[in-house]
Structures are given as structure tokens and as C-alpha cells.
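**Student:** Below is one structure. I have some questions about it.
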Amino acid sequence: MPGRFEIKKAKNDQFHFNLKASNGEIILSSEMYTTKRAALNGVASVQKNSSEGSRYDRRVSKSNKPYFVLKAGNHQVIGQSEMYESERAMENGIKSVTKNGPGAKVEDLTA
């Protein structure tokens, strides 16, 4: 089963999405959007940018855990990973987003 995007509505009536790998693990999460249309635009941006290695910004959290963000061509953050236990695990996360992001189908869970 290929990866998929899940669009969800939060309790505050905003929208967000998660990109899930084929095993069901969340590999990228979005910010909150005020409209479903904006969230769908975010998904399209991930689909477009996730195959480009230069779009990944590798970071370290305050608790010294590696993670990454995916940026659009305009340098806006369009998704963030979980916190990883090692740089190797983070690199595997990037590979998973690179593999799953471009062709992932969208599942609308807002209805």
C-alpha cells in the first residue's frame, strides 16, 4: 500500500494533514490551516517539493533530538517530522517522505 495524505479537522475548526508511509506511520505533519482549500494547497506543495533534496532542512530540537522540516520553493515550511532518536533515523524519515510524498493519494477525513 502506498503512502497517503490524511486531511483532518481539528477541534478548533482548523484543518491539517499528515503524510503517512505505507506502514501507517506519520512521516510528516502540517501546520494548521483556516480552510480545507489551504490544507489541500499544502498537500499539493508537499507533492511538488518532497522529491527535491534541497527542500529538507535538518534541525536539532532543544532536547537535542534530530528532526527535519520540508520547505517550499519560497522557503515556507510546509511540513515537519517527528523527533528522532538518531540522525540515521531522521535520514530514513527524509527518504520515506521523498518516496511517498510525490504520488501519495489524499484521503479526506473531515466529513
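The values are calculated or read from the model by the stated rules, or taken from the named source; none is laboratory data. Keep in mind that this is a model prediction, so the values were computed, not measured. Ideal geometry is used to build each Cβ from the backbone, glycine not excepted, and the neighbour counts take in all protein chains shown.
**Student:** Within segment 70-77, does at least one residue satisfy the condition of being touching a Leu at 6+ places or on another chain (Cβ under 9 Å), at pLDDT 95 or above and either of a type outside the set (K, R) or surrounded by 13 or more Cβ atoms within 10 Å (Cβ to Cβ) (or both)?
**Tutor:** As a first pass, look at segment 70-77 and keep what is touching a Leu at 6+ places or on another chain (Cβ under 9 Å): 70, 77.
Still in the running and at pLDDT 95 or above: 70, 77.
Then keep just the ones that are either of a type outside the set (K, R) or surrounded by 13 or more Cβ atoms within 10 Å (Cβ to Cβ) (or both); that gives 70, 77.
Yes; the residues of segment 70-77 include at least one that is touching a Leu at 6+ places or on another chain (Cβ under 9 Å), at pLDDT 95 or above and either of a type outside the set (K, R) or surrounded by 13 or more Cβ atoms within 10 Å (Cβ to Cβ) (or both).
**Student:** Evaluate segment 58-68: report whether one residue or more is closer than 12 Å to G101 by Cα and of a type in the set (A, V, I, L, M, F, W, C).
**Tutor:** Step one: of segment 58-68, the residues closer than 12 Å to G101 by Cα are none.
Scanning segment 58-68, I find no residue that is closer than 12 Å to G101 by Cα and of a type in the set (A, V, I, L, M, F, W, C), so the answer is no.
**Student:** Still on this structure, I have one more. In segment 17-43, what count of residues is obtained for those that are closer than 25 Å to E91 by Cβ, under 12 Å from the mean Cα position of the chain (by Cα) and not basic (K, R)?
**Tutor:** 13
**Student:** Let me ask something else. Filter segment 2-45 down to residues that are on the phi > 0 side of the Ramachandran plot and either modelled with pLDDT of 95 or more or not small (G, A, S) (or both), then give me how many there are. It would help to see each step written out before you state the result.
**Tutor:** Looking only at segment 2-45, we keep the residues that are on the phi > 0 side of the Ramachandran plot, and these are 13, 24.
Still in the running and either modelled with pLDDT of 95 or more or not small (G, A, S) (or both): 13.
Adding up the residues that qualify gives 1.
**Student:** Right, another one. Quick check on segment 56-82: of everything there that is in contact with a helix residue (DSSP H, G or I) (Cβ under 6 Å, 6 or more places away or on another chain) and not in a strand (DSSP E or B), which residue is nearest to I7 (Cα to Cα)?
**Tutor:** S81
**Student:** May I pose another question? Going residue by residue through segment 83-105, is there one that turns out to be hydrophobic (A, V, I, L, M, F, W, C), surrounded by 12 or more Cβ atoms within 10 Å (Cβ to Cβ), assigned to a strand (DSSP E or B) and in contact with a Leu (Cβ under 7 Å, 6 or more places away or on another chain)?
**Tutor:** Taking segment 83-105 first, the residues hydrophobic (A, V, I, L, M, F, W, C) are 83, 89-90, 94, 97, 104.
Filter again for surrounded by 12 or more Cβ atoms within 10 Å (Cβ to Cβ), leaving 83, 89-90, 94, 97, 104.
Still in the list and also assigned to a strand (DSSP E or B): none.
No, there is no match, as no residue in segment 83-105 is hydrophobic (A, V, I, L, M, F, W, C), surrounded by 12 or more Cβ atoms within 10 Å (Cβ to Cβ), assigned to a strand (DSSP E or B) and in contact with a Leu (Cβ under 7 Å, 6 or more places away or on another chain).
**Student:** Right, next: Residues to consider are A21, A44, A38, A10; find the one that is of a type in the set (G, A, S) and crowded, with 19+ Cβ neighbours inside 10 Å. Even if it seems obvious, please write down each step before you answer.
**Tutor:** Working: A44 fails: crowded, with 19+ Cβ neighbours inside 10 Å; A38 fails: crowded, with 19+ Cβ neighbours inside 10 Å; A10 fails: crowded, with 19+ Cβ neighbours inside 10 Å.
After ruling out the rest, the residue left standing is A21.
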